[in-house]
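Chemist: Pasting a structure here, questions to come.
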Amino acid sequence: MNKNSLAALRLAARHFTCDLDITREELAALLELTAQVKATPGRYADALRGRYVSLLFEKPSLRTRLTFELAIKQLGGDALLSAGPIGGREPIKDVARNLDRWTQGIVARTFSHKTVHELARWSRLPVTNALSDLYHPCQALADIFTIQEHFGVLRGLKLAYVGDGNNVAHSLMLTAARMGVHFAAATPPSFGPHPEVVTQARDLAAHSGAAVTITHSPAEAVTEARAVYTDVWTSMGHEAEAERRRQAFREYQVNEALFALAAPDAVFMHCLPAKRDEEVTEAVIESDRSVVFDQAENRLHTQKALLLMLLD
Ligand code: CP
Ligand code: NVA
C-alpha cells in the first residue's frame, strides 16, 4: 500500500474519541492494514518522520502508553508524554490550543470522557481516546483483531462479556456489533452497561446481523460462546467502591466451571491488568486457551494502523 492509498484510508471523523467514530468500512480497512503492519513491520518506518504526538495520561498505564510510544517511534515519529491532570492549571481548551502549535496529534487517557471531547472540540489535531470513563476504543481494536486473527472470521461468532458494564465492555459491545459478532454481556443488576451505549450497539447490530444480549446470568452469556471476556471489577477512579464491588461481583468470576460452558474451542480474553481470584482465576488466565498476551501484542499493531489512518 503506498502513500496515496493510505490517504484514501483517512478516517472521515478525524478524531477517534469513541468506537462510533469509525465506520464499518474504515474498521475493516484498519484490520487489513493491521495485518500488513504486523507482517511487515519495517514497511511504514518513515510514515511519521518529523512528526510528534502528545500523550496526555491522567491515569496509570502500562500497555496503552508503551504501545503508543513504540508505535509512534517505529513509524519514524516521536512521542511527548505529559502525565497528570489535564486542564488542572488552565482550561482544557487552552491545553488543546497549545498542543496544536507544537505537535501533530493528541492521545489522551482521562477520568472524564468530557475531557476527550473538549480536547477534540478545541484542537485542530486528531484526538485519540486512550481510555476514558466511558470508552476504551483502542482496546476494542486490538480485541476484534485478535478474534479475527484467531478464528479467521468475525461474523456470526458469539462473544461473551462477564463482569462490570464499564468502558471496556462499552467499546467491545460497539465494535463487536459493528462487525457482526454476537455480543452477550452478564453483569450484576446495578453494574450494567450504559443504556444509551446498548441502544447504539443494537442499532449497529441491526445493520450487521449481530445480536446484543444483556443478562444477569453468567451461564447464559457464556454458553456456547467462542470468546469469554472479562475485566477488573473495580476500574480506575472507583477504588473507594472496591469492597462493595467485590461483594456484588462474587458470582461473576470467570473460573474453570464457567469457562467450561463455552464452546470447546473458546478463548479467554482480558484487556489486562487482571486481578487473579477476583474476575478470573489463575487456572483460566494461564490456560492454553488464554489469548491475553496476543491482545496485548496486538495493541501495538492496531494502534500503528490507527496512527497511519489518522496522521499519515
Ligand atoms: N489494557 C490497557 O489499557 O492497559 P493499560 O491500562 O496498562 O494501558
Ligand atoms: N476498566 C479498566 C480498564 C483498564 C485497562 C479501567 O478503566 O481501569
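The values are calculated or read from the model by the stated rules, or taken from the named source; none is laboratory data. Predicted, not measured: the structure shown is a model, and the values here were computed from it. FYI the Cβ positions are ideal-geometry reconstructions off the backbone, even for glycines, and counts take in every protein chain you see. Ligands, DNA and RNA are excluded from the accessible area calculation, which covers all protein heavy atoms including side chains. Shrake-Rupley method; radii C 1.70, N 1.55, O 1.52, S 1.80 Å.
Chemist: If you take the residues of the range 29-56 that are in a helix (DSSP H, G or I) and among the hydroxyl-bearing types (Ser, Thr, Tyr), which of them is surrounded by the most Cβ atoms within 10 Å (Cβ to Cβ)?
Modeler: Checked the range 29-56; the qualifying residue surrounded by the most Cβ atoms within 10 Å (Cβ to Cβ) is THR34.
Chemist: I've got another one for you. Under 8 Å between Cβ atoms, which residue pairs at least 6 apart in sequence (or on different chains) link something in the range 39-62 that is of a type in the set (Asp, Glu) with a partner that is within 14 Å of ligand 1 (Cβ to nearest atom) and open to solvent by less than 60 Å² (accessible area, probe 1.4 Å)?
Modeler: From residues that are of a type in the set (Asp, Glu), the pairs are GLU58/ALA108; GLU58/ARG109; GLU58/THR110.
Yes or no, residue by residue, for (1) under 20 Å from the mean Cα position of the chain (by Cα); (2) closer than 18 Å to ALA185 by Cα; (3) touching a residue at least 12 places away in the same chain (Cβ under 8 Å); (4) within 16 Å of ligand 1 (Cβ to nearest atom):
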| position | (1), (2), (3), (4) |
| --- | --- |
| PRO218 | no, yes, yes, no |
| SER235 | yes, yes, yes, yes |
| ALA240 | no, no, no, no |
| ARG244 | no, no, no, no |
| ALA260 | no, yes, no, no |
| VAL291 | yes, no, yes, yes |
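Chemist: If you don't mind, another one. Could you check the range 58-68 and list, in sequence order, the residues that are surrounded by fewer than 20 Cβ atoms within 10 Å (Cβ to Cβ) and either away from ligand 2 (no atom under 16 Å from the Cβ) or part of a loop (DSSP other than H, G, I, E, B) (or both)?
Modeler: LYS59, PRO60, SER61, LEU62
Chemist: For VAL168, which of the numbered conditions (1) free of Cβ contacts under 8 Å to residues at least 60 places away in the same chain; (2) within 16 Å of ligand 1 (Cβ to nearest atom); (3) not hydroxyl-bearing (Ser, Thr, Tyr) fails to hold?
Modeler: Exception for VAL168: condition (1).
Chemist: Same structure again: May I ask you to say which residue of LEU48, LEU81, LEU75, LEU55 is touching a helix residue (DSSP H, G or I) at 6+ places or on another chain (Cβ under 9 Å), within 16 Å of ligand 2 (Cβ to nearest atom) and among the aliphatic types (A, V, I, L, M)?
Modeler: Unique residue meeting the criteria: LEU55.
Chemist: Within the range 262-284, track down each residue that is under 13 Å from VAL162 (Cβ atoms) and free of Cβ contacts under 8 Å to residues at least 24 places away in the same chain.
Modeler: Listed by number, the list is empty, since nothing qualifies.
Chemist: Follow-up question, since we're still on this one. Quick test of your reading of the structure: GLN295 fulfils all but one of (1) in contact with a Cys (Cβ under 8 Å, 6 or more places away or on another chain); (2) open to solvent by 20 Å² or more (accessible area, probe 1.4 Å). Name the failing condition by number.
Modeler: (2)
Chemist: Return a yes/no flag: does the range 85-102 have any residue that is outside any helix (DSSP H, G or I), crowded, with 22+ Cβ neighbours inside 10 Å and not hydrophobic (A, V, I, L, M, F, W, C).
Modeler: no
Chemist: Filter the range 54-82 down to the residues that are more than 16 Å from ligand 1 (Cβ to nearest atom) and of a type in the set (A, V, I, L, M, F, W, C), then identify the one that is nearest to ALA142 (Cα to Cα).
Modeler: Filtering the range 54-82 for residues that are more than 16 Å from ligand 1 (Cβ to nearest atom) and of a type in the set (A, V, I, L, M, F, W, C), the one nearest to ALA142 (Cα to Cα) comes out as LEU75.
Residues checked against (1) assigned to a loop (DSSP other than H, G, I, E, B); (2) buried (at least 24 other Cβ atoms within 10 Å of the Cβ); (3) at pLDDT below 95:
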site	(1), (2), (3)
ILE72	no, yes, no
PHE111	yes, no, no
THR128	no, yes, no
LEU141	no, yes, no
HIS150	no, no, no
